[in-house]
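Chemist: Mind looking over this structure? Questions follow.
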Amino acid sequence: MDRSRTAHDAGPTLHSFTATTIDGEEQDLSAYRGKVLLVVNTASRCLFTPQYEDLQRLQLAYRDHGFTVLGFPSAQFLQEPGDDDEIAEFCTTSYDVTFPLFSKVDVNGPRAHPLWRWLTSQRSGVIGGRITWNFTKFLVSPEGKVLRRYAPVVPPHRIARRIEAELGLTGGPRLQR
């Protein structure tokens, strides 16, 4: 076995990618190294849109412990009609979102953002790798590895205990509902 291989040689992690923020800035996702992440494809006109409230609660409860939500709006299910400015306005005025939001992306198909192609290759869903709907969630380790994929129907507050475990918060703060 060649022990000279580095962690980088082991294959891509979330930290290997970049994405455009909702404000149009290119963001190297290695900036999130060392944090537990919940990566979510979002939409403002979806049955699951109220999950923004739970996502923001997770952000507030755990941000000081090394956690953040990363929101990636997507119009692939025809439920995100706005441009980036409209999406940002909606998220801040309707749900007081403070977690990082990124520019609208495709999560499936030939134009899917490379991050989303990688995420779905790491943890497939019930019908394979494809994202089936808005608010699919990926829990990512501080090292950038996908730990778990959650279906859109799983409310974010149901992931809180797993987030606490990943953060080492045994007996620590609990999400307020």
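Chemist: Starting from the Cα gyration tensor of region 65-164, take the square roots of the eigenvalues, sort them a ≥ b ≥ c, and report rounded, prolate or oblate (rounded when a/c is under 1.5, otherwise prolate if a/b is larger than b/c, else oblate).
Modeler: Taking the square roots of the gyration eigenvalues as a ≥ b ≥ c, region 65-164 is oblate.
Chemist: Along the charge dipole of the chain, pointing to its positive end and built from +1/-1 on Cβ of Lys, Arg, Asp and Glu, which listed residue (LEU58, ILE163, VAL39) has its Cα farthest out?
Modeler: Checking the options against the dipole of the chain, the answer is ILE163.
Chemist: Need one word for region 24-88: rounded, prolate or oblate. Basis is the Cα gyration tensor (sqrt eigenvalues a ≥ b ≥ c); a/c below 1.5 gives rounded, then a/b vs b/c decides.
Modeler: Taking the square roots of the gyration eigenvalues as a ≥ b ≥ c, region 24-88 is oblate.
Chemist: At 0.36 nm per residue, minus the direct Cα-Cα distance, what do ASP23 and ARG63 gain on full extension? Give it in nm, one decimal, please.
Modeler: Once the chain is fully extended between ASP23 and ARG63, it gains 12.3 nm.
Chemist: Tell me the chymotrypsin sites (Phe, Trp or Tyr not before Pro) within region 27-102 that lie in a loop according to DSSP and have at most 11 other beta-carbon atoms within 10 Å.
Modeler: Taking region 27-102 and a limit of 11 other Cβ atoms within 10 Å, no loop chymotrypsin sites (Phe, Trp or Tyr not before Pro) are found.
Chemist: If you project the alpha carbons of the chain onto the principal axes, what extent comes out on each, in Å, largest first?
Modeler: Projected onto the principal axes, the Cα atoms of the chain cover 52, 44, 34 Å.
Since every read-out is calculated from the coordinates, none of them should be taken as a lab result. Values in this document were obtained by computation on a predicted structure and should not be read as measured data. When we count neighbours, we look across all protein chains shown, and the Cβ atoms used for this are built from the backbone with ideal geometry, even at glycine.
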